[in-house]
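Working notes for the structure below.
The values are calculated or read from the model by the stated rules, or taken from the named source; none is laboratory data. Nothing here was measured: the structure is a model prediction, and the numbers come from that model. Neighbour counts run over all protein chains shown; Cβ positions are idealised from the backbone, glycine included.
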């Protein structure tokens, strides 16, 4: 299930980049509803990944960390990954999170380039 969520996030970031590039190439601003909807969708997907992962690892989720994952995911997800892994595996897990984050950014950029090329 985690892999499906991760693939969904990659596709979502590519689509968000595509929409952004499409509007940017036409010198239009993105609709407010799209910004709200895409942010909401990303937040739900990240929280769902966090929930599934913590259940698999049998990690007790705190309320503050759960709120942090939704509100400030770039800070809370690395904290969660560090806390939920055993000593010796923490640095490797943080590296995987960093790599996946770079991949998300790359998908957004590629989507934006494709979106700007669509006529």
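Points worth noting:
- Scanning segment 57-91 for residues that are over 19 Å from the mean Cα position of the chain (by Cα) and under 24 Å from residue 10 (Cα atoms) yields a total of 4.
- Residue 19 surrounded by 11 or more Cβ atoms within 10 Å (Cβ to Cβ) and either closer than 24 Å to residue 111 by Cα or at pLDDT 95 or above (or both): yes
Every residue, every condition in (1) without any contact (Cβ under 8 Å) to a residue 40 or more places away in the chain; (2) out of contact with any strand residue (DSSP E or B) (no Cβ under 7 Å at 6 or more places or on another chain); (3) more than 18 Å from residue 1 (Cα to Cα), yes or no:
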{"site": "14", "(1), (2), (3)": "no, yes, yes"}
{"site": "17", "(1), (2), (3)": "no, yes, yes"}
{"site": "22", "(1), (2), (3)": "no, yes, yes"}
{"site": "47", "(1), (2), (3)": "yes, yes, no"}
{"site": "51", "(1), (2), (3)": "yes, yes, no"}
{"site": "55", "(1), (2), (3)": "yes, yes, no"}
{"site": "58", "(1), (2), (3)": "yes, yes, no"}
{"site": "63", "(1), (2), (3)": "yes, yes, yes"}
